[in-house]
Amino acid sequence: MYRPEPYQENSPETLRSLMRRWPFAALVTFGRSGMTATHLPFLVDVDTDGNTLLTTHLSRRNTQYDDLSQGCHAMVIFQGPSTYISPSWYDDKRTFPTWNYAAIHAYGDIQVVDDANGIKRILDRVVETFDGPIAGEWTFAGIPAEQTALRLPKIAGVVMKVSRLDGALKLNQDHSDADKHGVIAALESREDAGGREIAALMRATLGAGERSA
């Protein structure tokens, strides 16, 4: 990933926090099927050695499953918010438009989980992570065991042990404080959800407070 120095984010703790915030990502591989990408929800963990682990599951009918089973190297792309930035929001308007964004690339080797118990543990965690906060009337445990048993052979678990994490947060770091405040104010006044999230990242990451009167 192209990452000019001002936009680099290299803290594993920060990157893991952002990946949990944007868990739906693209698993990219290159194998016998060529270049393949599947969009999947990921769990983000840290093992006892401090390694980042990314866990998900996919259909065995997916051609990418065959490539993963061969032990290919993989990349996972987490796409955060993004938005157009107009020069009209800058204090110094003698410049050009740009696009602010957040993205993380994770690289590593893949372990495929094929056994029913391992797959069930992954599904339990996925449901706990994403459905648990909803606190609705549905529960995974409420599905009849025979129905679950029919589904487990159709999917496989996927665990990546991350060997490299590249984070890019392009948030006007190379502009003046006045320009940053102008962008934050403009984005916060708009209805664009991505723009509002970029503004929040700018405040948190750049320490941009309220512009004084």
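The values are calculated or read from the model by the stated rules, or taken from the named source; none is laboratory data. Everything quoted here is computed from the prediction, not taken from an experiment. So basically every Cβ, Gly included, is an ideal-geometry build from the backbone, and we count neighbours across all protein chains shown. Keep in mind that these areas ignore ligands, DNA and RNA; they rest on the heavy atoms of the full protein, side chains included. Shrake-Rupley method; radii C 1.70, N 1.55, O 1.52, S 1.80 Å.
Points to keep in mind about this one:
- From Val162, Val127, Val112, Val183, residue being open to solvent by less than 60 Å² (accessible area, probe 1.4 Å), touching a helix residue (DSSP H, G or I) at 6+ places or on another chain (Cβ under 6 Å) and in a strand (DSSP E or B): Val112
- With respect to the conditions (1) open to solvent by 80 Å² or more (accessible area, probe 1.4 Å); (2) not in a loop (DSSP other than H, G, I, E, B), Asp174 lacks only one, and its number is (2).
- Qualifying residue in the range 138-154 (condition: farther than 14 Å from Ile85 by Cβ, assigned to a helix (DSSP H, G or I) and in contact with a His (Cβ under 6 Å, 6 or more places away or on another chain)): no
- Consider the range 89-104 and keep the residues that are in contact with a Gly (Cβ under 9 Å, 6 or more places away or on another chain) and at pLDDT 95 or above. The one that is nearest to Lys161 (Cα to Cα) is Ile104.
- Just one of the numbered conditions (1) surrounded by 18 or more Cβ atoms within 10 Å (Cβ to Cβ); (2) touching an Asp or Glu at 6+ places or on another chain (Cβ under 7 Å) is not true of His73: (1).
- Residue check, Gly118 open to solvent by less than 40 Å² (accessible area, probe 1.4 Å), in contact (Cβ under 8 Å) with a residue 60 or more places away in the chain and either among the aromatic types (Phe, Trp, Tyr) or not in a loop (DSSP other than H, G, I, E, B) (or both): no
- Restricting the range 78-98 to residues that are within 29 Å of the chain's Cα centre (by Cα) and aromatic (Phe, Trp, Tyr), the residue that is surrounded by the fewest Cβ atoms within 10 Å (Cβ to Cβ): Phe96
- A count restricted to the range 38-65 and to residues that are open to solvent by less than 60 Å² (accessible area, probe 1.4 Å) and either touching a Cys at 6+ places or on another chain (Cβ under 7 Å) or not in a loop (DSSP other than H, G, I, E, B) (or both) stands at 16.
- Residue pairs whose Cβ atoms lie under 8 Å apart, separated by 6 or more positions or on different chains, with the first residue in the range 130-159 and loosely packed, with under 11 Cβ neighbours inside 10 Å and the second outside any loop (DSSP other than H, G, I, E, B) and among the polar types (S, T, N, Q), are Lys154/Ser59.
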